[in-house]
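A.B. asks: Encoded as structure tokens, here's the structure I'll be asking about.
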Amino acid sequence: KRNSQLILVYPGETDALPVFFDAIGKMRKDFEFPMPVIMDVDLLLVNKLSIQGKLAKPSTIILDKTGIVQFIYIGNDPKDRPSVKQILSALDAVK
């Protein structure tokens, strides 16, 4: 409804991706991953955004159609994420 595209940027090696999908699958049966995945093997995006740690920090970034960052939320730990309401509000604010 908001004319947007969700993409997962996965930091790290491609051989770790099946483990990630298995973990999700164990939490939700018959789960199909609903978005494209872009691999950040060399951690270029992770380093550019300074979100590296033991693992990349969970981050939610909204870009407008020209690629300008309109919203960014960088969590402190894997459970620290913006609410759905925050994300939808940020999407609504993008012109």
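The values are calculated or read from the model by the stated rules, or taken from the named source; none is laboratory data. None of the values given here were measured: they were computed from a predicted structure. For neighbour counting, all protein chains shown are included, and Cβ atoms are generated from backbone atoms with ideal geometry for every residue, glycine included. Only protein heavy atoms, including side chains, enter the accessible area calculation; ligands, DNA and RNA are left aside. Shrake-Rupley method; radii C 1.70, N 1.55, O 1.52, S 1.80 Å.
A.B. asks: Count the lysine pairs in the chain that are 8 or more places apart or on different chains: how many have C-alpha atoms under 20 angstrom apart?
C.D. replies: Taking the chain as the scope, the lysine pair count is 9.
A.B. asks: Protein chains only, probe 1.4 Å: how do I87, I38, I51 rank by accessible area, largest first?
C.D. replies: Details: I87 50, I38 85, I51 15 Å².
From most accessible down to least: I38, I87, I51.
A.B. asks: Taking amide hydrogens as modeled 1.01 Å from N in the peptide plane, which residues meet the under 5 Å criterion relative to M39, leaving out close sequence neighbours?
C.D. replies: Under 5 Å from the amide H of M39 lie the amide H atoms of Y10, each far enough along the sequence or on another chain.
A.B. asks: Can I ask one more? Can you pull out the chymotrypsin sites (Phe, Trp or Tyr not before Pro) in segment 1-32 whose DSSP state is coil and whose Cβ has at most 13 other Cβ atoms within 10 Å?
C.D. replies: Numbers: sites: F20, F21, F31; in loops: F31.
The qualifying sites are F31.
A.B. asks: Find which of A56, P78, V94 sits farthest along the positive direction of the dipole of the chain, computed with +1 on the beta-carbon of Lys and Arg, -1 on that of Asp and Glu, about the Cα centre.
C.D. replies: Checking the options against the dipole of the chain, the answer is V94.
A.B. asks: Separate question: Which angle between 0 and 90 degrees, to the nearest 10, do you get for helix 84-93 versus the longest principal axis of the chain when only C-alpha atoms count?
C.D. replies: 40
A.B. asks: Quick one: angle between helix 17-27 and the longest Cα principal axis of the chain, in degrees between 0 and 90, rounded to 10, please.
C.D. replies: Helix 17-27 sits roughly 80 degrees off the main axis of the chain.
A.B. asks: Counting only the heavy atoms of the protein chains, how much of S50 is accessible to a 1.4 Å probe, in Å² to the nearest 10?
C.D. replies: That residue has around 80 Å² of solvent-accessible surface.
A.B. asks: For the chain, what does the accessible surface come to per residue with a 1.4 Å probe? Please give it in Å². Don't skip to the end; give the middle numbers.
C.D. replies: Details: 7680 Å² over 95 residues.
Normalised by residue count, the accessible surface of the chain is 81 Å².
A.B. asks: How much FRET efficiency would the formula 1/(1 + (r/R0)^6) give for L44 and N3, where r is the Cβ-Cβ distance and R0 is 22 Å, rounded to 0.05?
C.D. replies: E between L44 and N3, to the nearest 0.05, is 0.20.
A.B. asks: Over the Cα atoms of the chain, what is the Rg over Rh ratio if Rh follows Kirkwood?
C.D. replies: On the way: Rg = 14.2 Å, Rh = 14.8 Å.
Rounded to two decimals, Rg/Rh equals 0.96.
A.B. asks: Sticking with this one: In nm, to one decimal, how far is the modelled label at K95 from the one at E13, with both set 7 Å along Cα→Cβ?
C.D. replies: Computed distance between label sites K95 and E13 equals 4.7 nm.
A.B. asks: Right, here's the next one. Using just the helices of the chain, give the 222 nm mean residue ellipticity in deg cm²/dmol: DSSP H runs with n ≥ 4 each add -39,500 (n - 2.57), and the total is spread over all residues, rounded to 500. Don't jump to the answer; show the numbers that get you there.
C.D. replies: Values: 3 runs with 26 residues, N = 95.
Per the formula, -7500 deg cm²/dmol.
A.B. asks: Once ligands and nucleic acids are excluded and a 1.4 Å probe is used, how much of R28 is accessible, expressed in Å² to the nearest 10?
C.D. replies: About 140 Å², ignoring ligands and nucleic acids.
A.B. asks: Separate question: Work through the residues other than L91 whose Cβ is under 14 Å from its Cβ and net out their charges, Lys, Arg +1 and Asp, Glu -1. Intermediate results must be reported in sequence, preceding the final value.
C.D. replies: Details: positive: K1, R2, K65, K85, K95; negative: D64, D92.
Residues near L91 contribute +3 overall.
A.B. asks: Separate question: State the percentage of accessible surface on the chain attributable to carbon and sulfur atoms; use a 1.4 Å probe and exclude ligands, DNA and RNA.
C.D. replies: The computed percentage sits at 56.
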